[in-house]
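The values are calculated or read from the model by the stated rules, or taken from the named source; none is laboratory data. Note that the structure is predicted; figures quoted are calculated from it, not measured. When we count neighbours, we look across all protein chains shown, and the Cβ atoms used for this are built from the backbone with ideal geometry, even at glycine.
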Amino acid sequence: MSTDHKIIRTGRSKTLHRFAQLAAMGEVVFHGSDLAALWQITNKNTLYTTLKRYTQQNLLYRLWQGMYALKPATQIDPLFLGIKAMHTYAYISTETVLFNSGIITQRPSAITLISLTSRRFVLAGTEYSCRKLADEYLYQSEGIIEKNGVREASPERAVADLLYYNPHSYFDAPINWKEVRRIQKTVGFPLTPDRY
């Protein structure tokens, strides 16, 4: 067997091993830094070359700024993509949750997230708007539900979040104000007694 065939076989073996590692994780979306750690690649150029080769072979799909997936972005839940793009603790809240719950009737122009930073971005044709929330409130899990890798506020937590940003927010449907008040107290948000 020639040296070229041994190199090709070794390369295929390494690729199979790497994708077996990804399959074992059960994840679909990864950041380049996650892949570098998993595959123990310390040289950035080696990582870049490896990821470029895998995307050219359609083994990975480049989604956005160092973010890759095992399938095209159009086949991945946009809520999940937004959370993964933040690459830090974040959850879906405010207008997105309130619209989906029927509490507000105006469709938001972007999926709204809450995290450590404020930013707007577009990923796979979907616009995202992230609002900054202080650590003391952000990591309070009251009213946050995780489902399929997506943390999302309950309608009452979304109301409490929105009132934190704008105490004069308008709502189109009845709200469980008792639950909103309970969440505000538990999280530590300023209370809005004129709304109860």
Q. How about the range 98-117: which of its residues are within 10 Å of ALA173 (Cα to Cα), buried (at least 19 other Cβ atoms within 10 Å of the Cβ) and among the β-branched types (Val, Ile, Thr)?
A. ILE103, ILE104
Q) Out of LYS132, LYS178, which single residue is more than 15 Å from the chain's Cα centre (by Cα) and in contact (Cβ under 8 Å) with a residue 12 or more places away in the chain? A) LYS178
(Q) Can you go through ILE114, ILE145 and tell me which one is in contact with a Ser or Thr (Cβ under 8 Å, 6 or more places away or on another chain), assigned to a strand (DSSP E or B), at pLDDT 95 or above and more than 18 Å from LEU163 (Cβ to Cβ)? (A) ILE145
Q. More than 23 Å from THR105 (Cα to Cα) and surrounded by fewer than 16 Cβ atoms within 10 Å (Cβ to Cβ), is that true of ARG182?
A. yes
Q: Inspect the range 163-185 for any residue being part of a helix (DSSP H, G or I) and at pLDDT below 95 and give the result as yes or no.
A: no
Q | Residue count, the range 186-195 (criterion: surrounded by fewer than 16 Cβ atoms within 10 Å (Cβ to Cβ), part of a loop (DSSP other than H, G, I, E, B), on the phi < 0 side of the Ramachandran plot and of a type outside the set (A, V, I, L, M, F, W, C)) | A | 1
Q: Would you check which residues across the range 125-166 are within 16 Å of PRO190 (Cα to Cα), acidic (Asp, Glu) and surrounded by 20 or more Cβ atoms within 10 Å (Cβ to Cβ) and list them?
A: GLU156, ASP161
Q: Starting from the range 95-112, take each residue that is in the same structural domain as GLU156 (by TED's automatic domain parsing) and closer than 17 Å to ILE83 by Cα and list its partners that are crowded, with 16+ Cβ neighbours inside 10 Å and among the basic types (Lys, Arg), counting only C-beta distances under 9 angstrom and pairs at least six apart or across chains.
A: VAL97/ARG157; THR112/ARG131
Q. Checking ASP34 against (1) under 19 Å from ARG151 (Cβ atoms); (2) at pLDDT 95 or above; (3) over 13 Å from the mean Cα position of the chain (by Cα), which test does it fail?
A. (2)
Q: Looking for whichever is basic (Lys, Arg), assigned by TED's automatic domain parsing to the domain that holds TYR89 and closer than 22 Å to LEU63 by Cα here; the options are ARG181, ARG151. Which one fits?
A: ARG151
